[in-house]
Every structure is written in structure tokens, then in C-alpha cells.
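Before any comments, here is the structure.
The numbers here are math on the coordinates, done by the rules we state, and not lab data. In this text the structure is predicted, and so the values were computed from the model without any measurement. Here the Cβ is made from the backbone with ideal geometry for all residues, glycine too, and neighbour counts use every protein chain on show.
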């Protein structure tokens, strides 16, 4: 499939000849999202019955473990079969049991839904250290260049905008309802870099072969000292915690290839890249050097005017033109380069006849840009879809998070009548049995947000076409009717 032939879907609605965004936000001159040195130049809801929630006399049960979904990691993984897991899955499972990752994820999510920034963290320093050590082991157990099989959702820069990260998961599905590939830049700029990176690391530990994090130029000691993460760690934890995170950043994979056709990296290409083996040979842990292959992969940018390799206005690495892009795609028989690293007004922007796309996932970036955030979904047949997050800030963002929190759990249905469909199958919906209750993850039709269903709240699940999965039952229905 050539990139020019790819059918694009915006907000889940099929469209033909989707116009490319024509406006790009310029990089600020004070180093914003640029050089590590400060002054470098550089759908309306559908109508549903009104349901009044009733207070529950007991707290909701804690989420139970969901069986691991089949790996999308093509290299560095063993064959998946029922009752067996890959080496990294076993390792992560051992870590998660001692860490109680589920509890940590729940606490982090509870903080995210408040939409507020607290001086204190919901996790102890010892828990943070344990998360970092476990995640570090998982990263080093997997290749520097990860090869993935679709479907997968690709996410660009997040930059500590924690509430927006929760909004993105609400929109696209919480793990393991979707496979994810993040392109880097998790920290700096935003006010909640700690919660952001901790939630992502917890998901990596819990779903090591379905949730992937690449390194960005901000996952580096020198950059985090200047742009906020160091100060946040010092203020809310301590300097030792910052150093522990840097040790994890130095172990992150550098690039990914999806279905042998889409090259994914944070920044761009490099004149030092002569073979994919060059990336595979990068030894980790490693800091980001001042120049060379690793530096370029994290820092370089495409340019409409560059004829070859030209100086980058960031003061770091290069800009590369259309000829370089075309040569790369022909040499490696690929169709698309997917990168992040640059704020764009519509959340995504194509270059060079749709052979390169920039994905940026932090809406209302730094509170200064009225940009959208985007997530690019790649289907099994390599069709690309973009889901967009509207820019929100302040009271509007807190109101959105409060609304999302209320939608997490459906209220008790107090009638025996059969209701209209309330939930829609998204991608992977699992139902797993425990001694007293069932648990499931679905998408609410009215808000398209991910929600949990519990049998203690809803006495039965009614749907069509059940498929027995690995240690679970998977709903394959397009819609699910909920009845008491």
C-alpha cells in the first residue's frame, strides 16, 4: 500500500480525499519545544434514557487482572499461546505482582479525573523507584528498534499534560482495549509530568507487548534540567527520583517499524543512517550525544525548502527535504514516515505528498497554542485514521474531566425493561470471571468514552456473538444491550 493511496478517517468517519492541514504553528524563539538551550533561534451525543445514579452502599470492587492480549511485537518475542507468555511478559508479571500495578494505575487515574494539580503525589517514593526499575528491565528486554504488527494507535508528544492524556485514553480506549505506540516527549512543559510518565510506565509494565514507548528528545538529562521535569521532581519528590527516571529514559527504544511499511521515530531521519542495523546496534542504556545517529533520530525535522541535509534552526541536528524522504522510503521499501517533535495546529500534518506525517498529541500546548491533539490509528490493512482532541484549558478542562469521571461507571438500572444499546464494542472487549463479579471495558455511545461495567451494578450483559478467548470471553458484537 502506498501512502498516497491510504484512506483517511477523521474522528472515525470515513472520508475521501481528506484535505491536508495547511497551517503549521511556528516554533517560538525562546526555545519552546526546540533546542535544549533557552535562547536558541529556532458529535453531538446520541439521545439516551435519563438514568439517575444511586449511591452504592459499598465501594466498587478493584479491577481484576485482564488476560494479556496477543502480542503485536514482531521481533524479540516468542510465539504466544494459551497458558504461556513471552519472557518479558513473565518478567513484567512478576514485577507487577510485587508492585500491585493495578492499584497504582487506579490511584493515578483517580488523580487524573480531578483535573487538578496537587503538590503531593499519590504514589510513595519507594513505589516510584520500583516502577522505574521494573520498566527499565522491560525496556532492556526488548529491541532498540521494535517491529510491530497492526492494529496500533500512534501517539505524539504528551508533555506532562496529564488530563489530556486521560482524555486521549477515554477517546481511543484504555489499555488493553487498544495497542499503543507513543513517540516520545512525555515530560517537560506541562504541570504533571510525573503522573504522565508514571501512568505510561505502569501500562508498559502491565502490557509489555501491547504498549510501547519510544524515546523523545526530552527524555534526556540535559533537556529536562531546562524545561521543567527536573524542577518538578525536585519540588514534589527529590533529586534522586529525577536521576532514577533518567536511568529509565536512557533505556527507551529509539524507533519502531509497523508492518514493515511505517517507520516511526520521534524526530526524523539522519545522514548517519545507512542501515536499520545501525539503529539496532545502539547500545542501551545511553545518554543522547551532541551529534550523530541517535541525536538526529530524536531532533531532526522535515523541511519544505531543504534540498538536502541543512542546518536546523533549533541549533541541533538537521533539516531534511523531500529528496531525502523519497530516497529513504525507496531504499527500505516503506510507505510512510510517522514522527512527532513539532506542534501542528490540527494535531497532524502531512508532508511531501503524504509520505511523512507529524502527529502531535498535546492539545492547547502549554496553554499558548489553540492546537488540537491527534492520535493516528493504523488498522490491520494499514488504513490510517485520525482521532482528535479539542483544545481545552482551565475550567473547561476540569468540567470535561468531571464529566468523564461520572461516565466511568454506569448507574444501577432500577427497571426490568430492556434498554436501548448503551455501549458499543470498540476494539478489544474482555469479560473475565471472578468469584463474585464480572468486569468489562466498553465505549459509551453517547460520549465515546471508555467505561467499566460491573455485574454488581448491572445484573446481566446481553449481546450477540460471543467468542471464547484465552482465559476470557470476548464480545464480538457491534453493540451490546444492557439489561437488569
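Full extension of the chain between residue 222 and residue 247 yields a length gain of 7.7 nm, computed as 0.36 nm times the residue separation minus the alpha carbon distance. Annotation: the residues 244, 358, 286, sorted from fewest to most other C-beta atoms within 10 Å of their own C-beta, follow the order 286, 244, 358. Remark: relative contact order (region 161-250) = 30 percent; criterion is Cα-Cα distance under 8 angstrom and separation of 6 or more residues.
What per residue convex hull volume, in Å³, do the alpha-carbon atoms of region 240-303 yield?
Measuring per residue, one finds 104 Å³ for the Cα hull of region 240-303.
Starting from one equal scatterer on each C-alpha and no solvent at all, send me the Debye-based log10 I(q)/I(0) for region 248-405 at q = 0.10, 0.15 Å⁻¹, two decimals. Each listed q corresponds, in turn, to -0.41, -0.88. For region 336-377, report the % of Cα-Cα distances exceeding 13 Å. Cα-Cα pairs in region 336-377 separated by more than 13 Å: 46 percent. By definition, a body whose alpha carbon gyration tensor gives a ≥ b ≥ c is prolate when a/c is 1.5 or more and a/b is larger than b/c, and region 154-218 fits this prolate description. Over region 122-259, the hull volume per residue, using the convex hull of the C-alpha atoms, is 94 Å³. Assign one of three labels to region 126-189, namely rounded, prolate or oblate, based on the Cα gyration tensor with a ≥ b ≥ c the square roots of its eigenvalues; rounded applies when a/c is under 1.5, prolate when it is not and a/b is larger than b/c, and oblate otherwise. It comes out oblate by the Cα gyration axes. As a proxy for reagent exposure, 131, 72 were ordered by neighbouring Cβ count within 10 angstrom, fewest first; the result is 72, 131. Averaging the sequence gap over all C-alpha pairs within less than 8 Å and six or more residues apart, then dividing by the number of residues, gives region 194-332 a relative contact order of 18 percent.
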